[in-house]
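Worksheet: the structure to be examined is printed underneath.
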Amino acid sequence: MIAARKEDLSKITDDQIAFAAQKDQPGGKKTMLAWYWKICGAEYDQTHS
């Protein structure tokens, strides 16, 4: 799921902007990979609840 999202050209720019916006916030993810795990994990939980 993470690999597919990283290669999805329609989401790359938006993902980079969203990552940069939360990076310096309290509790923000410091690496792009950690942010992908957070986002993809939330999407997975939402679809499998």
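Roll a 1.4 angstrom probe over the protein heavy atoms and tell me the percent of accessible area of the chain that is carbon or sulfur. Before the final figure, lay out each step's value.
On the way: 2190 of 3780 Å².
Reported share for carbon and sulfur atoms: 58 percent.
In a shell of Cβ-Cβ distance under 15 Å around K6, excluding K6 itself, what net charge do Lys and Arg (+1) and Asp and Glu (-1) give? Walk me through the numbers before you get to the answer.
Values: positive: R5, K11, K29, K38; negative: E7, D8, D14, D15, E43.
Residues near K6 contribute -1 overall.
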Exercise. Return the calculated 222 nm mean residue ellipticity for the chain, to the nearest 500 deg cm²/dmol, obtained by summing -39500 (n - 2.57) across DSSP H runs with n ≥ 4 and dividing by the residue count.
Key: -21000 deg cm²/dmol
Quiz item: Given just the C-alpha atoms of the chain, how large is their convex hull per residue in cubic angstrom?
Solution: 73
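Mind checking the per residue accessible area of the chain for me, 1.4 Å probe, whole number of Å²? The partial results should precede the final answer.
Numbers: 3780 Å² over 49 residues.
Accessible area per residue, the chain: 77 Å².
The values are calculated or read from the model by the stated rules, or taken from the named source; none is laboratory data. Everything numeric in this text was worked out from a predicted model, so none of it was measured. Note: ideal-geometry Cβ built from the backbone for every residue, glycine included; neighbour counts use all protein chains shown. Just so you know, the surface numbers come from the protein's heavy atoms only, side chains and all, with ligands and any DNA or RNA stripped out. Shrake-Rupley method; radii C 1.70, N 1.55, O 1.52, S 1.80 Å.
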